[in-house]
1. Run residue 58 past the list (1) assigned to a strand (DSSP E or B); (2) modelled with pLDDT of 95 or more and report the number of the one that doesn't hold.
2. Would it be correct to say that residue 100 is within 23 Å of residue 232 (Cβ to Cβ), part of a loop (DSSP other than H, G, I, E, B) and of a type outside the set (Lys, Arg)?
3. Restricting to the range 62-91, name every residue that is in contact with a Phe, Trp or Tyr (Cβ under 9 Å, 6 or more places away or on another chain), part of a loop (DSSP other than H, G, I, E, B) and not hydrophobic (A, V, I, L, M, F, W, C).
4. Among helices (runs of 4 or more DSSP H) lying entirely in the range 132-233, which contain 1 or more residues that are more than 24 Å from residue 57 (Cα to Cα) and either aromatic (Phe, Trp, Tyr) or touching a Pro at 6+ places or on another chain (Cβ under 7 Å) (or both)?
5. Kindly evaluate residue 172 against the criterion of being in contact with a strand residue (DSSP E or B) (Cβ under 6 Å, 6 or more places away or on another chain) and either surrounded by fewer than 17 Cβ atoms within 10 Å (Cβ to Cβ) or more than 28 Å from residue 16 (Cα to Cα) (or both).
6. Mind listing whichever residues of the range 118-139 are surrounded by fewer than 24 Cβ atoms within 10 Å (Cβ to Cβ) and of a type in the set (Val, Ile, Thr)?
7. Checking the structure you have, find out if any residue of the range 110-117 is within 19 Å of residue 205 (Cβ to Cβ), touching a Ser or Thr at 6+ places or on another chain (Cβ under 8 Å), at pLDDT 95 or above and buried (at least 24 other Cβ atoms within 10 Å of the Cβ).
8. Restricting to the range 66-109, count the residues that are surrounded by fewer than 20 Cβ atoms within 10 Å (Cβ to Cβ), out of contact with any Asp or Glu (no Cβ under 8 Å at 6 or more places or on another chain) and farther than 24 Å from residue 209 by Cα.
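The values are calculated or read from the model by the stated rules, or taken from the named source; none is laboratory data. Note that the structure is predicted; figures quoted are calculated from it, not measured. All Cβ positions, glycine included, derive from the backbone under ideal geometry; neighbour counts span all protein chains shown.
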Amino acid sequence: MSEGYTSSYNQGVKVERLHSWQVSITQALDIQQRLAAQVSRSSQVGTPRFIAGVDISADKGRGVATGAVVVLHYPELGVAETKVVTDKLNFPYIPGLLSFREAPLILAACQKLTITPDLILVDGQGIAHPRGIGLASHMGLWFDIPSIGCTKTPLLTDFISPGPLKGSFELIRKGGKEVGAVLRTKDKVKPVFVSPGYRIDLSTSIQLILESCRGFRFPEPLRKAHQASRNML
């Protein structure tokens, strides 16, 4: 990773308004096909000062969900800022179309921030996705901020399990190209699935996920975001 980030206070996260979120399933698929070509896979990540984690928790009984963003200092990983938003989910749960269900809440929470993170970790897929644009890649495009997808379940199945020790990984491929990794973040526990989201490469994604895990299977920014969204519900 190269040096040179200067994160901004009191600016919040600016967004690129790429399309409406009030769309049909067919329109959502068309949007993914169009935007996938705009997802940068070249690494533009320096040494971050702030890393954000985002997550959604749903209350099916009330028909609402909470989106949370937690910004952490890096590399200490102390919490710098937390924002949460609760609202209705307006799109059905469909594997591969998670962006259209969760992104509006994530965007609303991030726009309340006073710190602009240098990197966003997303509990979802990056380019390891049937159409090459999972939630992490989609959010990276909207924020124009480097992003990484890290999740507990894959959408693509062309991989083998890694070795049992922390740091072991095996590649995930799509069409013969390396699009992600099955990564062991703790000795002898289930691996996570890591894929570049936007403006970052795979090796840097793996490195930052490992450096963000502090004794747990999941990286600290995502753990804190999950806790914040659950606590609000």
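1. (2)
2. Taking the combined requirement at face value, the residue does not satisfy it.
3. 74, 90
4. Once the helices (runs of 4 or more DSSP H) in the range 132-233 are filtered for at least 1 residues that are more than 24 Å from residue 57 (Cα to Cα) and either aromatic (Phe, Trp, Tyr) or touching a Pro at 6+ places or on another chain (Cβ under 7 Å) (or both), what remains is 202-212.
5. For residue 172, the condition - in contact with a strand residue (DSSP E or B) (Cβ under 6 Å, 6 or more places away or on another chain) and either surrounded by fewer than 17 Cβ atoms within 10 Å (Cβ to Cβ) or more than 28 Å from residue 16 (Cα to Cα) (or both) - is met.
6. If the condition is that a residue be surrounded by fewer than 24 Cβ atoms within 10 Å (Cβ to Cβ) and of a type in the set (Val, Ile, Thr), then no residue fits.
7. yes
8. Total meeting the criteria: 8.
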